[in-house]
Each structure stands twice: as C-alpha cells, then as structure tokens.
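**Student:** Can you keep this structure in mind? I'll have questions shortly.
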Amino acid sequence: MEKPYKKCSLLFLLLLISIIIVPYIVRAYEDHSRATDIFFRGNDLYGQGRYKDAILAYEEILSMGVSSGNLYYNLGNAYFKEGELGKALLNYERAMRLIPRDADLRMNIRLIDNKYFEERRSPFFSIDEIAIIGGFFFLLLSIAGILHVVFPRTQKRLKWPIRIITILFFIALGIFAFKFYNEETLCKGIIIACEGAIARYEPSIYGVKAFELREGEKVVILEEYSGWMKVKKIDGLLGWVEGDDLERL
C-alpha cells in the first residue's frame, strides 16, 4: 500500500509544475489571440488603402515575437504599395523561408525581379520541411535496420530498399546542410535605402566610391565595422555600405 506522504509529494510536485507552466501557456495563448486580432485589423486597414497603418499593425505583431509566412507576405505587400521596394523584398524574402511554395508570393517576387532585377532562385522547400523529410528517411532506415537484424530471413529482401533509403537520406542531409549554411550561416541583407546605396572601398564617407547598389538588391554581409558593413554582390564585387542603408534578412 502506498504511503500517504508519497501521494502528497506527488500532488505537491504536480501542483508546483502547474504553477510554473500554466502562466506561460496562458500568456502564450493571450499573445497569440492578441496577435491574431491585430493581424486581421492590419488586413482591414490594408483593404481600406491605409497602408502605413497596416504596416504599423504588422510590425507590432513582429515586436511581440510572433512571426509567420503570411505576416511577412502581407507586410511586404503593404510596403510595396507604399513604394518602399527594398522593405517589400526584404519581407518577401523572409516569407519565402517559411512558405516557399506560396503561388502569390512567388509571383510577386517574379514580377519585381522581371522589372528591376535579374530573376532570383526561389526555394521549393523550406529548411524545416527538408529536416522533416530527412527525419522521415532516417526513421525508415532505422525500421529497416531493425527488421534486418531481428528477422534474418528478410535480409535479402531488404538489401536494396535499405540502399535506396540510405542514398535518399544522405541526399536530404546534404540539401539540408547546404540550405542551413545558405540561410542560417551565410548572413544576407537587402538594400532598403529608397535611393539605393553607395559602396565604398573603405568604411568611411570619404572612401572612394566602388559601385552603386539599387534599392531591393540582395547582398552577402561579410563584416561589420563602426556602423558600416562590408558586402558582396552576386557578381563578386566587394564594398563597404552604411549600416542604415540595408537590413539583415
């Protein structure tokens, strides 16, 4: 028979866990509910043509630590309506990382690229989706391996399926590693200055002009120094740009 003090200890532990966890769950629910209300309010403002107010609403959601592909997409649309091409593309690129197959998003980026830039490659899968696919192949590989060991008679039948699954797993792993480096490790930015930016050979306004960057152009950020950022263009050109002229993805 279980002693009373053990039951009390268990109840006390459960109560303590509830006291710690429940407030976080309630707060998360309230934040999500509030963010949803603000999101729909932003959509209404956008529908009324009040794009600046819609931007403020969407940005308020982001300041709460809440983000989604649809939120970045709508924010990009609002900035585009306001004529801020750089910030529009910045948010479209952020949305592309979360909803890469969204037809409207891909069309908007394609339209802007056709008008202002060379067409950029749009990913078909997000990094999270590739991780899930890789995990699925790993699970299949694990199950096949267990069957191979537990049931020796299935060794011949499982020989080729295991090889195929192994190849697919390592392909998914390679793609994941590439995308992780490209999206998470390699720091990228978008020129948001309305008149573009001037890249110089040194981090100073007195530095010699190297080349110009257009609003909305994507660059790789290599280094940061005293309010300046060393960037690399797609064609390999290097230069220093004032930090206020671009924003990280």
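Please treat every number below as a calculation from the coordinates, not as lab data. Because the structure is predicted, anything quoted here is derived from the model rather than measured. Cβ: placed from backbone, ideal geometry, glycine included. Neighbour counts: every protein chain shown.
**Student:** Using Cβ contacts closer than 10 Å as the measure, can you line up 93, 224 from fewest to most?
**Tutor:** 224, 93
**Student:** Let me ask something else. Mind giving me the nanometre distance, one decimal, between the label points for residue 48 and residue 132, set 7 Å out from Cα along Cα→Cβ?
**Tutor:** Here the modelled spin labels are 3.7 nm apart.
**Student:** Sort 187, 194 by Cβ crowding within 10 Å, fewest neighbours at the top.
**Tutor:** With the fewest neighbours first, 187, 194 line up as 194, 187.
**Student:** Still on this model: If you average the C-alpha positions of the stretch 65-104 and of the stretch 192-239 separately, how far apart do those two centres end up, in angstrom?
**Tutor:** 23
**Student:** For a 27 Å ceiling on Cα separation, which of these pairs sit above it: 52/209; 87/232; 188/209?
**Tutor:** 52/209
**Student:** Extending each Cα 7 Å along its Cβ direction at residue 175 and residue 237, get the distance between those two points in nm, one decimal.
**Tutor:** Each label point lies 7 Å from its Cα, and together they span 3.5 nm.
**Student:** Now for a separate question. What length, rounded to one decimal in nm, is gained on full extension from residue 223 through to residue 107, with 0.36 nm per residue of separation minus their alpha-carbon distance?
**Tutor:** Taking residue 223 through residue 107 to full extension adds about 38.5 nm, to one decimal.
**Student:** Output wanted: per-residue J couplings in Hz (rounded whole) for the stretch 212-227, from phi through Karplus 6.51 cos²θ - 1.76 cosθ + 1.60, θ = phi - 60°, x for Gly and Pro.
**Tutor:** Going residue by residue, I get 10, 10, 7, 4, x, 6, 8, 9, 9, 8, 9, 7, 10, 8, 6, x Hz, with x marking Gly and Pro.
**Student:** Would you pull out the residues with amide H under 5 Å of residue 192's amide H, same chain only if 5 or more places away, H placed 1.01 Å from N?
**Tutor:** When sequence neighbours closer than 5 places are left aside, the close amide H contacts are 216, 246, 247.
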